[in-house]
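The values are calculated or read from the model by the stated rules, or taken from the named source; none is laboratory data. Every value quoted in this text rests on a predicted model; they were computed, and no experiment measured them. Because the Cβ atoms are built from the backbone with ideal geometry, glycine has one as well, and the counts that use them run over all protein chains shown.
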Amino acid sequence: MTNASLTLEQIAVNARAAGRIALDTEFMGEGRYRTLLCLIQLAVANGEGDEHIQIVDPLAGAMAGEPLARVLEDTQTEVVVHAGRQDIALLRRALDCDVRNVFDTQVAAGFLGMPAQCSYDTLLAEMLGVRLAKSASFTRWDARPLSAEQLSYARDDVVHLTALAGELERRLEQAGRLQWAREECEFLERVSDERDLEAIFSRLPRIRGMSASSQGIARELVAWREQTAAERDRPVQSVLGDTPLLEIAKRKPSSLRKLEEIRGVGQGSLRKRGEDLLAAVQRGLQRAHEPLAGGPRPVHPRPEDAPLIALSEALVRSRAREADLAYELLASRADLQAIVIGERTGERADVRTLRGWRRELVGEELLALLDGHVSLSIEDGQIRLTRA
C-alpha cells in the first residue's frame, strides 16, 4: 500500500491500466443549499502489484479534475463505490462529468444474501475478515486543517474497497449473479443532485388544485426561493417554507402590509426580502404559464387488499430466502401494493418486481397467485405453489 502523492493524471493512467478505480467522498450538507464536497478518496493499483491511496482536497484550491473526470466517464474502467449514490451525484456536479461502469459493493452484496443496507465495516468483516476501528465519521469535514484521525478515517474508506469488489465479483460469478448485480448498479449512472425547478414546483402540496394565476405565482416564488437559497448557501425551506409560499400564491398580496398578514412570513423576511416577494407575485400574475393538469386520481388500497399484500410479501420473502437474496432487491411494500391494486383494477402495475430477472424469479408466480391460478401451502417450513 503506497501513500506517496500522485497527480490525478498519473492516477487516471493507472486506473485505465488496472481497469478499476475505487472511490469515496466526505461531505457536509447541514445548513447548506447543496451538499459541499469536502474530500475525494481514491484507490488504484499502481502497476507494481501494489495499491495507491490518494486523498484529494477540493477545498484546498482550484482542483484540476479533468483527468479524474475522463477516467470516471471511461466505460472500460470500473468505478467501485460502497453505498455510492451521494458520492456519484457529488462528483458528477463537482467534475461536470458522467460516471459510468459503476460497481456498488453494498448493492452487489444483496445478491449474496447480505442485508440491503449492509455497512462497509460489516461487509469487510464478512467477506475479507477485515475489521476497522472507525471513529471520525461525524466530524466537520469542511474545517481545515483536517486532523490525523480524520485523514486516517477517510483513507480507511477505500483501503480495502478494490479487494472487496474483487471478492464480491468472484462469489457472484460463481453464483451466476454477477450480471444481475451489474444491471442493478446501472441506475447509479443517472443519479444527480441537480435541482429541477419544474419538479420542485409540481411536488408542492395541493398545487394542482390551485387556480392558474396562483400556480403562476407559485412558480415564480419557487424560482426566487431557489436563487436566493443558492446565493446565500442556505436550505430552501429556511428562505421560505412551502406552506407560506402556497399561501402567498393563493392570497396574491400587493403590499407589505398584506404580506405581513400571512402566517410563516416573519418580520425578518419582510425586512430583508419583502419587496422581492412582492415582485415575484407580480411576475407570476403577468407571465403566462401552462397550468398543471389535475391528473388522474391515485388509486388507494382498500381494506380487502391488506391480506393479499401480506400474502404477496410472504411469497416474495420466501423466494428471496431460497435464492439467498436480500428481500429488498425483489420488492418493496409499495411495489406489492401497486401489484395487488393493479390486479384488482385490471391495470397491471409497472414495477420492478414484474420486470427482468425479478419477474422470472418471483413475478410470474406472484401474478399467478393473485389471479387464482395457483394456491399456496406450507410444506416442511417452505412455501409451495400448486396449480389450481
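What number goes with the only condition from (1) within 24 Å of the chain's Cα centre (by Cα); (2) under 22 Å from Met127 (Cα atoms) that Ile40 does not pass?
(2)
Arg287 fails exactly one of the following numbered conditions: (1) surrounded by fewer than 15 Cβ atoms within 10 Å (Cβ to Cβ); (2) under 30 Å from Arg225 (Cβ atoms); (3) in contact with a Ser or Thr (Cβ under 9 Å, 6 or more places away or on another chain). What is the number of that condition?
Failing condition for Arg287: (3).
Out of the residues in the range 79-107 that are farther than 14 Å from Asp24 by Cα and of a type in the set (Asp, Glu), state the one that is surrounded by the most Cβ atoms within 10 Å (Cβ to Cβ).
Asp98
Step by step: first the residues of the range 55-104, then only those that are polar (S, T, N, Q) and not in a helix (DSSP H, G or I), then the one that is farthest from the chain's Cα centre (by Cα). Which residue is that?
Checking each candidate, the answer is Gln76.
So which helices (runs of 4 or more DSSP H) stay within the range 131-237 end to end and still have 3 or more residues that are over 27 Å from Leu292 (Cβ atoms)?
Working: elements: 148-156, 161-175, 178-185, 197-202, 212-232.
Of the helices (runs of 4 or more DSSP H) lying wholly inside the range 131-237, those with at least 3 residues that are over 27 Å from Leu292 (Cβ atoms) span 148-156, 161-175, 178-185.
Which one of these does Arg170 not meet: (1) more than 15 Å from Leu112 (Cβ to Cβ); (2) among the basic types (Lys, Arg); (3) free of Cβ contacts under 8 Å to residues at least 12 places away in the same chain?
(1)
So which residues in the range 3-26 are over 19 Å from Ala165 (Cβ atoms) and surrounded by fewer than 19 Cβ atoms within 10 Å (Cβ to Cβ), if there are any at all?
Just the residues of the range 3-26 that are over 19 Å from Ala165 (Cβ atoms), to begin with: 3-10, 13, 26.
Result: Asn3, Ala4, Ser5, Leu6, Thr7, Glu9, Gln10, Val13.
Among the listed residues Arg144, Arg131, which satisfies the condition of being farther than 24 Å from Leu95 by Cβ and over 20 Å from the mean Cα position of the chain (by Cα)?
Arg131
Results for (1) outside the structural domain of Leu221 (by TED's automatic domain parsing); (2) of a type outside the set (Lys, Arg); (3) at pLDDT below 95; (4) within 34 Å of the chain's Cα centre (by Cα), shown as yes or no for each residue.
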site: Asp242; (1), (2), (3), (4): no, yes, no, yes
site: Leu245; (1), (2), (3), (4): no, yes, no, yes
site: Lys252; (1), (2), (3), (4): no, no, no, no
site: Lys258; (1), (2), (3), (4): no, no, yes, no
site: Gly264; (1), (2), (3), (4): no, yes, yes, yes
site: Arg271; (1), (2), (3), (4): no, no, yes, no
site: Gly274; (1), (2), (3), (4): no, yes, yes, no
site: Ala280; (1), (2), (3), (4): no, yes, no, yes
site: Leu292; (1), (2), (3), (4): yes, yes, yes, yes
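What single numbered condition from (1) surrounded by fewer than 20 Cβ atoms within 10 Å (Cβ to Cβ); (2) under 23 Å from the mean Cα position of the chain (by Cα); (3) in the same structural domain as His82 (by TED's automatic domain parsing) fails to hold for Gly110?
(1)
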